[in-house]
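Structure record follows, encoded as structure tokens.
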Amino acid sequence: MTRARRRWLFAAVAVLALVVVVIAWRTMQSERGADTTEPVVTTTPLAEQGGTLVSPSNTLGAPIAVPDAEDPTDGSPIDTWWRRVPPVAGDLVPIDGHASGHVRIARAGEHLLVRITDLRVASSDGEPAEVRVVLSQGTVVGERPAVWTQDGEDDDLGTIPSDVGTITFDLEAPRGIPDPVRSLVLLDPDSDSGSDSGVLVFGGAALLPTD
């Protein structure tokens with residue numbers, strides 16, 4: 001065999017070896033790529049994997065409300081009216097008689113403070129000795145005279161002197177008041193709801209959220 005043929009033979013062998021190496025390298029790379037895309041099955045809890053635990057939320061991302069452990073009134077996830085709404089306020093207006101003054105209800109910790117200031121009450125028979133104070137789900141609409149729509153629950157706070165001027169009812173963790181409270185009304189304690197004339201309502205205040 002001549003030298004020229006030997007050189008060509010060596011060159012052909014070298015090229016063939018290079019092709020084999022390239023093919024083998026590409027095959028190995030393809031196998032590695034396939035391994036990295038295969039899912040890994042694990043039973044390790046998310047917390048142990050370093051993942052983040054997310055609290056339950058609604059569709060807007062806001063956390064779902066949790067019932068207040070100290071006030072499990074009905075199992076509702078929404079706080080009661082006296083916790084979530086006050087302060088509320090409104091002016092007393094005449095209904096069946098005459099009433100004027102200002103009402104403000106505010107929360108102070110676990111207390112609900114119902115404050116009436118500058119109270120004035122009268123009827124066609126003159127100034128009554130006492131009036132009954134009621135928190136109501138009903139609404140007071142209009143002015144001089146207004147109308148009280150007695151709808152839903154009421155809570156009787158008690159009877160007070162009509163000339164008291166200013167008074168504050170301090171209700172601790174109240175659970176008997178309506179939810180929601182829409183008005184405060186002043187009733188004649190001597191009138192009878194079972195009579196034809198019904199209860200005499202001196203006046204009332206529509207209660208609206210305030211600063």
* Structure fact -> With R₀ set to 35 angstrom, the calculated FRET efficiency between the beta-carbons of residue 123 and residue 170, to the nearest 0.05, is 0.75
* Cα-based equivalent ellipsoid, the stretch 90-211: semi-axes from gyration tensor eigenvalues, Å -> 22, 16, 14
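Mind ranking 156, 151 by accessible surface for me, highest first, 1.4 Å probe? Spell out each step's value before the answer.
Working: 156 80, 151 100 Å².
Most to least solvent-accessible, the answer reads 151, 156.
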* Structure fact -> Regression test value, accessible area per residue of the stretch 86-211, probe 1.4 Å, units Å², expected 50
* If you count, for each residue, the other Cβ atoms within 10 Å and average over each peptide, how do 131-140, 83-92, 164-173 line up from highest to lowest? -> 131-140, 83-92, 164-173
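Quick check: residue separation of residue 151 and residue 14 times 0.36 nm, minus the Cα distance between them. What number comes out in nm?
Additional length available on full extension: 39.3 nm.
Round to a whole number: what % of the accessible area of the stretch 140-208 belongs to carbon and sulfur, probe 1.4 Å?
Numbers: 1620 of 3710 Å².
Ligands and nucleic acids excluded, carbon and sulfur give 44 percent.
Over the stretch 86-157, what number does the Rg to Rh ratio reach, with both radii from the alpha-carbon atoms and Rh per Kirkwood? Could the numbers behind the result be given before it?
Details: Rg = 13.0 Å, Rh = 13.4 Å.
Over the Cα atoms of the stretch 86-157, Rg/Rh equals 0.97.
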* Label zone at residue 110 (point 7 Å along Cα-to-Cβ), backbone N below 17 Å, the stretch 143-176 -> 170-176
* Label residue 28 and residue 191 with points 7 Å out from Cα along Cα→Cβ: what is the distance between them in nm? -> 9.9
* Quick one: Karplus J couplings for the stretch 123-137, per residue in order, coefficients 6.51, -1.76, 1.60, θ = phi - 60°, nearest Hz, x for Gly and Pro? -> 9, 5, 8, x, 7, x, 6, 9, 9, 9, 9, 10, 8, 9, 6
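The values are calculated or read from the model by the stated rules, or taken from the named source; none is laboratory data. Everything numeric in this text was worked out from a predicted model, so none of it was measured. Glycine also receives a Cβ, built like all others from the backbone with ideal geometry; neighbour counts cover every protein chain displayed. Accessible surface is based on the protein model in full, side chains and every heavy atom, while ligands, DNA and RNA are left aside. Shrake-Rupley method; radii C 1.70, N 1.55, O 1.52, S 1.80 Å.
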